[in-house]
Amino acid sequence: MAGVLIFSENNGLALELLTAANSLNSAAVSACAINNDEQAQALASAGVQVYAVKNNDLLMADVGAIASAIKQVADKAGTDTVLLASNRRGKELAGRLAQAMNAGCLTDVTALNVDGDKIMCQRNALGGATVATQYIDADKKVVAIRPRTVEAATGAGVGAVEEVAVEVKKAGVTVLEFKSRVGDSVDIEAAEVLVAVGQGLNSQDDLPAVEELAKKLGGEVACSKPVATDKKWLSEERIIGLSGKKCKPQLAVLLGISGQVQFNVGIRDAKTIVAVNSDENASINQMADYIITADLHDVVAEMNKKLG
């Protein structure tokens, strides 16, 4: 492995990628920061060589141009492997960068390790029913890792920031203005406590009690996909699972969720799982650390009462 380059426009995800890169035992790990001085300094402080690109013609919205810039940095750094974050933009960037580098590509990687000269990547397969271990059989590789797969790098290090010039074609995208997203902006992937509801919840009128419980526990409310997409009771930003977010909280309280595999893949890495379901044979019980077989509405009311 000639070397590993990491990139994410998100500072926290970039530090996660640094942890992943360091685990590959590469001779050289470097990072790319684009128009982000704060990120460049944070990565350098974590002990990595940072190639800083400063070019006002580079827009994050123009993913093709960003891919071209990262390829040029990878060429300068002499790296054959690039790690990206497998968030919405990162997945698009992975494909474009792989095409630019003539590289193989894997996205939504949930674990990785080195076996000889191969980077073995674990990914959900068959709708999340199983985990496949795959590797890229190519000289150059682009791997996009799901957020929160590893811990963010911490601690002081001795890194450096080197400014790099790249050739950028005039953007094919013109940004007219920036607007804050209207509606729900919750980040359930970052939550240490999640209270998730499924179709066992009787009605939308029962949500305030669930929200009260989540607040008392210092967490966020999340849900299975039908609660958001079919019933429209919560925003799609709160969906856990294959079609939503992969979460790794310290505590997950799952209310009225049957435990379909598409949901389970998004929460099975939680440290402690409490399942509340009136069906003692519910599939979710197979992965729970604690099981409460009861009506979720009664449980929520009692927990709110006990928590004061």
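The values are calculated or read from the model by the stated rules, or taken from the named source; none is laboratory data. For clarity, every value in this text was computed on a predicted model and none was experimentally measured. Every residue, glycine among them, receives a Cβ derived from its backbone with ideal geometry; neighbour counts consider all protein chains shown.
Key figures
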| read-out | value |
| --- | --- |
| Among (1) of a type outside the set (D, E, K, R); (2) assigned to a loop (DSSP other than H, G, I, E, B); (3) over 24 Å from THR149 (Cβ atoms) - the single one LEU242 does not satisfy | (3) |
| The stretch 1-21 residues that are more than 18 Å from ASN113 (Cβ to Cβ) and charged (D, E, K, R), paired with ones that are at pLDDT 95 or above and assigned to a strand (DSSP E or B) (beta carbon under 8 Å, 6 or more apart) | GLU9/ILE34 |
| Any hit, the stretch 286-306, residues being touching a Cys at 6+ places or on another chain (Cβ under 8 Å) and under 22 Å from GLU211 (Cβ atoms) | no |
| Members of the stretch 25-65 found to be within 22 Å of the chain's Cα centre (by Cα), among the polar types (S, T, N, Q) and over 21 Å from ARG96 (Cβ atoms), listed by number | none |
| For GLN250: the one exception among (1) touching a helix residue (DSSP H, G or I) at 6+ places or on another chain (Cβ under 8 Å); (2) within 14 Å of ALA196 (Cα to Cα); (3) exposed (fewer than 15 other Cβ atoms within 10 Å of the Cβ) | (1) |
| Residue list for the stretch 28-68, filter: among the acidic types (Asp, Glu) and within 20 Å of THR174 (Cβ to Cβ) | ASP57, ASP62 |
| Single residue of GLU212, GLU177, GLU151, GLU189 found to be touching a residue at least 40 places away in the same chain (Cβ under 8 Å), in a loop (DSSP other than H, G, I, E, B) and either outside the structural domain of VAL265 (by TED's automatic domain parsing) or closer than 21 Å to ALA275 by Cα (or both) | GLU151 |
| One residue from ILE136, ILE145 being surrounded by 12 or more Cβ atoms within 10 Å (Cβ to Cβ), over 30 Å from SER283 (Cβ atoms) and touching a strand residue (DSSP E or B) at 6+ places or on another chain (Cβ under 8 Å) | ILE136 |
| Residue selected from the stretch 265-304 under the condition in contact (Cβ under 8 Å) with a residue 40 or more places away in the chain and touching a helix residue (DSSP H, G or I) at 6+ places or on another chain (Cβ under 7 Å), by the criterion nearest to GLY127 (Cα to Cα) | VAL265 |
| Test: residue in the stretch 101-112 that is more than 19 Å from the chain's Cα centre (by Cα) and either modelled with pLDDT under 95 or buried (at least 21 other Cβ atoms within 10 Å of the Cβ) (or both) | yes |
| Which numbered condition LEU217 fails, given (1) surrounded by fewer than 23 Cβ atoms within 10 Å (Cβ to Cβ); (2) on the phi < 0 side of the Ramachandran plot; (3) free of Cβ contacts under 8 Å to residues at least 60 places away in the same chain | (3) |
| Candidate set from the stretch 154-169 (those that are farther than 29 Å from ASN56 by Cβ and at pLDDT 80 or above); member that is surrounded by the fewest Cβ atoms within 10 Å (Cβ to Cβ) | VAL158 |
| Residue match in the stretch 273-286 (condition: part of a loop (DSSP other than H, G, I, E, B), in contact with an Asp or Glu (Cβ under 9 Å, 6 or more places away or on another chain) and in the same structural domain as GLN199 (by TED's automatic domain parsing)) | yes |
| Residue ID - nearest to the chain's Cα centre (by Cα), chosen from residues in the stretch 170-199 that are surrounded by fewer than 20 Cβ atoms within 10 Å (Cβ to Cβ) and modelled with pLDDT of 95 or more | GLU192 |
